[in-house]
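Data block below; observations after.
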Amino acid sequence: AQKVTQAQTEISVVEKEDVTLDCVYETRDTTYYLFWYKQPPSGELVFLIRRNSFDEQNEISGRYSWNFQKSTSSFNFTITASQVVDSAVYFCALSEVFILTGGGNKLTFGTGTQLKVEL
Amino acid sequence: EAGVAQSPRYKIIEKRQSVAFWCNPISGHATLYWYQQILGQGPKLLIQFQNNGVVDDSQLPKDRFSAERLKGVDSTLKIQPAKLEDSAVYLCASRAGSRNTEAFFGQGTRLTVV
């Protein structure tokens, strides 16, 4: 069964600090996809990034960067020079492909990390 | 492109009453999910549709929850009768169907059972 663990329940930083959100996953599939979503106070889940299991290159998008390490089953997310607007709950998610059973696209979320960025 | 639409945004009911939520996914999206998100927790999958067929409903409390997706487009989620522990945000999401695409979420329906 697939599982996503976000051990950090809440993180508080001061603006301009760098912060890393951890994500560890479990899956039996060799092909899978990993995602990060942001949930601001308004409640809507906003897609940030997806990664497939065959691409371990790190990715950078502005102040955001992601480190995918298959060897440790981790997909960590770093915000550089954090801003107050980054305050939100961040979710890591895993999507498996059940080729043998005919199902697919099941999307499992972690419990989320509440990030608070203060002035 | 219009996003995932959900209604109502908020609902307050008494325990043992019935309630229904509606979701209109992004046009052309074959996969539709209903998630339950209890305050302070991550979204928990209730049911997943592929077109109008159920792919996974293993975590749906079938004694009180039901969902349908007629014609493979809109979907409704019903709770009958509601319990206090059903208080949560119910999120609908849709996905194009390709396994490498992201899911798009609606704003959710916040249900309070009193």
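The values are calculated or read from the model by the stated rules, or taken from the named source; none is laboratory data. Since the model is a prediction, treat every value here as computed from it, not as a measurement. Here the Cβ is made from the backbone with ideal geometry for all residues, glycine too, and neighbour counts use every protein chain on show. Surface accessibility is based on the protein's heavy atoms, side chains included, excluding ligands, DNA and RNA. Shrake-Rupley method; radii C 1.70, N 1.55, O 1.52, S 1.80 Å.
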Item to check | Largest to smallest accessible area among A:Glu44, B:Glu102 [probe 1.4 Å] | outcome: A:Glu44, B:Glu102
Next on the checklist: Using Cα springs under 10 Å in a Gaussian network model of chain A, which residue among A:Asn52, A:Asn67, A:Asn76 shows the largest mean-square fluctuation?
Outcome noted: A:Asn52
Next on the checklist: As an exercise, use a Förster radius of 25 Å and the Cβ-Cβ distance of B:Lys44 and A:Arg28 to find the FRET efficiency, rounded to the nearest 0.05.
Outcome noted: 0.75
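Determine, from the Cβ-Cβ distance of A:Glu10 and A:Thr72 and an R0 of 30 Å, the FRET efficiency 1/(1 + (r/R0)^6), rounded to the nearest 0.05. Intermediate results must be reported in sequence, preceding the final value.
Details: r = 23 Å, r/R0 = 0.77.
Efficiency at R0 = 30 Å is approximately 0.85.
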Next on the checklist: Tell me which of A:Ala7, A:Thr27, A:Phe91 sits at the most positive position along the dipole axis of chain A, charges placed on C-beta atoms (Lys, Arg +1; Asp, Glu -1).
Outcome noted: A:Thr27
Item to check | For chain A, size of Cβ-based charge dipole, Lys and Arg +1, Asp and Glu -1, in debye | outcome: 280 debye
Checklist entry - More than 23 Å apart: what percent of Cα pairs in chain B qualify? => result 22 percent
Checklist entry - Restricting attention to the range B:41-84, which trypsin sites (Lys or Arg not before Pro) occupy a DSSP loop and are surrounded by at most 13 other Cβ atoms within 10 Å? => result B:Lys62, B:Lys83
Checklist outcome for this item: Net charge (Lys, Arg +1; Asp, Glu -1) of residues whose beta-carbon lies under 11 Å from that of B:Asn52, B:Asn52 excluded, is 0
Checklist outcome for this item: Note: A:32-42 gets an average of partner chain Cβ contacts (10 Å, Cβ to Cβ) equal to 2
Next on the checklist: Only four residue types carry charge here, +1 at the Cβ of Lys and Arg and -1 at the Cβ of Asp and Glu. Report the dipole size of chain B about the Cα centre in Debye, rounded to the nearest 20.
Outcome noted: 220 debye
